[in-house]
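First up is the structure itself, then whatever we jot down about it.
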Amino acid sequence: MSADPARSWSAGPLFSGETPSDGSGLLRIIATSDLHAQILSYDYFSNRQLPGTGLAQIACLIAAARESAPASLLLDNGDFLQGGALAEIGASKRGRRSHPAITAFNTLGYDAVALGNHEFDYGLEVLNRAIAGANFPVLSANVLHRREGSPVDDRHFATPAVLLNREIALPDGTRRAITIGIFGLTPPETLQWNARWIRGQLDIRQMEETARAWVPELRARGADVVICLAHTGIAQAALGEPGETQAAEIASIPGLDAVIAGHSHLIFPDRRNHADPRVDGVSGHIAGTPVVQPGHEGSHLGLIDLWLRPVNGNPNRRWQVTRSQSRLIAGLEAVAGMPARAIREASAPLRLALAQDHSAALFRMRQRLATLTEPLSTWFANVADSQAMRLIGAAVIDHTRSRLAGGALSTLPVVALVSSFRSGGRGGPMNYVDIPPGNISLRHVFSLYPFPNTLTAILTTGAELSARLDLSSALFNRIVPGIRDQLLTDPGIPAFSFASAIGASYQIDLSLPAAQPGVTRLFGTDRIRDLRIGGHPIAATDPLILVVNNYVTDDPRRAAGQLVLDEGRLCTDVITDHIREAGRIGFDDSPGWRFVPMPGTSVLYDSGSGAAGRLGSAAALRPEAVGLMPSGFSRFRLHL
């Protein structure tokens with residue numbers, strides 16, 4: 001892509017390339033990650049513009065970063081094929097048009113992208129069709145058709161690595177050729193998360209093992225600089241599983257010059273103190289290697305600047321990195337300060353290339369399904385029984401009952417485990433659902449359930465249900481009775497990890513410590529109290545049908561119970577059919593869940609600004625507005 005769109009204004013010091021006095025030249029690495037098909041800065045599910053997010057918004061930043069550093073690389077670190085309505089359009093296509101995310105990358109002239117875990121969400125047919133339209137290498141060095149002893153010799157699913165050539169401009173006016181080696185790494189947990197699509201077809205090596213083989217291999221093939229696109233996060237206290245936070249281990253590998261991290265939707269450099277002494281959140285280096293993690297959905301643009309000096313007389317090492325800098329440019333802030341013309345001009349090629357896809361997404365998402373008599377929202381879905389979650393639960397329960405009718409399991413109670421996927425958290429203060437009374441459309445279904453999971457059900461017991469609910473309640477801190485204004489949720493736990501059981505009633509005792517992963521407390525000693533179905537107490541050994549999704553049942557770590565239903569039916573299709581057949585969606589007042597009362601105790605909970613208009617959805621907690629937080633969230637006081 002030409003840098004012309006940015007030339008009508010000055011890029012300024014934010015992007016300027018320095019000229020060191022040591023004879024070094026600049027190579028700039030420009031990075032995005034976890035875009036999740038957020039390309040045109042539009043939320044098709046909420047039917048609104050999303051300023052400060054999306055590839056179209058930061059296209060002007062990309063152009064400016066390139067303009068000030070002619071020797072540059074534009075890279076993406078994965079999770080680009082799944083996420084919004086454009087992804088749904090891309091997955092459902094059978095014509096000749098490329099997937100919208102691939103079209104966007106082609107239009108902006110990406111040099112290479114890595115495969116994340118969500119690229120496999122729609123199956124290998126969709127993924128292969130998308131990759132076929134790419135004008136750039138799509139990389140993964142550890143996703144395999146078959147192991148062949150060495151990670152380098154494996155039979156790879158995608159291109160494992162690539163060598164790219166650039167010319168570095170030196171202060172003396174000369175230009176020298178440089179070869180950059182780039183390889184990609186995909187989370188091995190994808191084998192569990194997408195088992196139904198890839199079981200028996202693909203294998204995935206561990207990230208660190210693969211990286212240790214490919215760094216020297218790329219050096220041997222002539223790479224002067226080696227970059228890793230590692231779709232993994234940086235370990236943080238109480239956050240994630242070790243297998244999903246391998247960035248520090250990878251950055252510590254000798255011979256690696258830069259790492260692009262991702263997956264966890266966080267940012268780095270983050271100007272935080274980290275428990276791991278290798279991680280410098282201020283300078284953006286891990287074990288001395290520059291690392292950048294550019295948030296999600298175009299929230300940030302990542303830059304790593306490498307200053308390199310030619311090494312004469314050494315055929316094995318033509319360049320030496322003399323200095324490096326890792327930094328983030330926040331899209332919301334930086335774009336707001338740029339001329340409107342530069343923003344429009346830089347995004348125009350994307351808007352033109354995706355005009356047909358944009359129209360198709362709008363048309364599909366605006367299909368009317370039924371009438372809604374009461375508002376549905378997720379402002380307080382993680383702290384109070386939610387009508388929005390009840391709608392999802394009712395849909396999947398009814399479908400499951402219809403499929404099990406007349407069989408040996410038809411007399412068992414059916415409960416659905418449902419999560420609010422848009423409840424703030426890492427998604428930010430606009431990451432909520434609010435559906436007013438009136439028409440309910442297809443976009444509302446995807447707003448409530450944005451993932452292409454399929455419905456599954458397991459035969460389980462009361463004890464196993466209680467254990468799942470107990471572990472899910474780890475989102476909540478331990479609350480001391482009688483103390484005011486304690487923080488309710490642990491910011492290190494993803495908000496979407498909390499799930500409620502629709503079709504059951506129970507209480508959560510916050511006076512007990514949160515459950516720990518891998519530790520199952522005895523039935524009746526965990527946080528879950530008075531677990532009932534249909535008003536009847538559930539004993540530890542009582543059998544029941546639990547409706548979940550393939551994300552749960554495909555992962556052996558989460559699949560306690562016997563699989564009894566697995567048709568491959570998308571949850572969104574089940575919910576859509578339920579709403580359309582109902583014609584009218586009203587209020588469900590059957591018993592649900594709540595916190596064990598704690599008189600004289602209050603907690604603080606952060607939600608979006610729109611929560612102030614839906615306080616009734618958490619009426620039992622008597623919510624009081626406290627004020628706007630620097631993060632953009634609105635804080636509320638809840639009374640237990």
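Quick check on residue 416: is it among the aliphatic types (A, V, I, L, M), out of contact with any Leu (no Cβ under 9 Å at 6 or more places or on another chain) and touching a residue at least 40 places away in the same chain (Cβ under 8 Å)?
no
List, please: which pairs have Cβ atoms under 9 Å, are six or more places apart or on different chains, and start with a residue in segment 77-93 that is more than 26 Å from residue 258 (Cβ to Cβ) and end with one that is assigned to a helix (DSSP H, G or I) and hydroxyl-bearing (Ser, Thr, Tyr)?
88/572; 90/103
Go over the candidates 569, 521, 584 one by one and state the one that is in contact (Cβ under 8 Å) with a residue 12 or more places away in the chain, surrounded by fewer than 20 Cβ atoms within 10 Å (Cβ to Cβ) and touching a His at 6+ places or on another chain (Cβ under 9 Å).
Residue meeting the stated conditions: 569.
Could you tell me which residue of segment 406-428 is nearest to residue 391 (Cα to Cα), considering only residues that are hydroxyl-bearing (Ser, Thr, Tyr) and part of a loop (DSSP other than H, G, I, E, B)?
420
In this structure, is residue 538 in contact with a Leu (Cβ under 6 Å, 6 or more places away or on another chain) and surrounded by 14 or more Cβ atoms within 10 Å (Cβ to Cβ)?
Judged against the criteria, residue 538 is a match.
Just the residues that are among the small types (Gly, Ala, Ser), in contact (Cβ under 8 Å) with a residue 60 or more places away in the chain and under 23 Å from residue 81 (Cα atoms), please, taken from segment 340-362.
346, 347, 348, 353, 360, 361
Checking the structure you have, find out if any residue of segment 457-472 is crowded, with 22+ Cβ neighbours inside 10 Å, at pLDDT 95 or above, closer than 30 Å to residue 584 by Cβ and aliphatic (A, V, I, L, M).
yes
Filtering segment 557-590 down to residues that are outside any strand (DSSP E or B) and among the acidic types (Asp, Glu), which residue is farthest from residue 368 (Cα to Cα)?
Per the criteria, the residue is 589.
Kindly evaluate residue 78 against the criterion of being in a loop (DSSP other than H, G, I, E, B) and buried (at least 22 other Cβ atoms within 10 Å of the Cβ).
Yes, satisfied.
I'm trying to understand the selection: among the residues of segment 11-41, which are surrounded by 14 or more Cβ atoms within 10 Å (Cβ to Cβ), touching a helix residue (DSSP H, G or I) at 6+ places or on another chain (Cβ under 9 Å) and modelled with pLDDT under 85?
Within segment 11-41, 11, 14, 15 meet the criteria.
Would you pick out the residues in segment 94-147 that are β-branched (Val, Ile, Thr) and touching a residue at least 60 places away in the same chain (Cβ under 8 Å)?
Answer for segment 94-147, where residues must be β-branched (Val, Ile, Thr) and touching a residue at least 60 places away in the same chain (Cβ under 8 Å): 103, 107, 113, 143.
Determine which member of the set 302, 337, 313 is surrounded by fewer than 22 Cβ atoms within 10 Å (Cβ to Cβ), under 26 Å from residue 221 (Cβ atoms) and either touching a Lys or Arg at 6+ places or on another chain (Cβ under 9 Å) or without any contact (Cβ under 8 Å) to a residue 60 or more places away in the chain (or both).
Result of the check over 302, 337, 313: 313.
Give me the residue from segment 514-545 that is within 20 Å of residue 498 (Cβ to Cβ) and in contact with a Lys or Arg (Cβ under 8 Å, 6 or more places away or on another chain) and, out of that set, modelled with the lowest pLDDT.
515
(1) within 31 Å of the chain's Cα centre (by Cα); (2) over 24 Å from residue 425 (Cα atoms); (3) surrounded by 21 or more Cβ atoms within 10 Å (Cβ to Cβ): which one isn't true of residue 544, the others all being true?
Going through (1) within 31 Å of the chain's Cα centre (by Cα); (2) over 24 Å from residue 425 (Cα atoms); (3) surrounded by 21 or more Cβ atoms within 10 Å (Cβ to Cβ) one by one, residue 544 breaks only (1).
Every residue in segment 42-67 that is of a type in the set (Gly, Ala, Ser), modelled with pLDDT under 90 and over 20 Å from the mean Cα position of the chain (by Cα), please.
none
Since residue 248 meets every condition but one in (1) closer than 28 Å to residue 493 by Cα; (2) hydrophobic (A, V, I, L, M, F, W, C); (3) buried (at least 24 other Cβ atoms within 10 Å of the Cβ), which condition does it not meet?
All conditions are met except number (3).
The values are calculated or read from the model by the stated rules, or taken from the named source; none is laboratory data. In this text the structure is predicted, and so the values were computed from the model without any measurement. Reconstructed Cβ throughout: ideal geometry from the backbone, glycine too, with neighbour counts over all protein chains shown.
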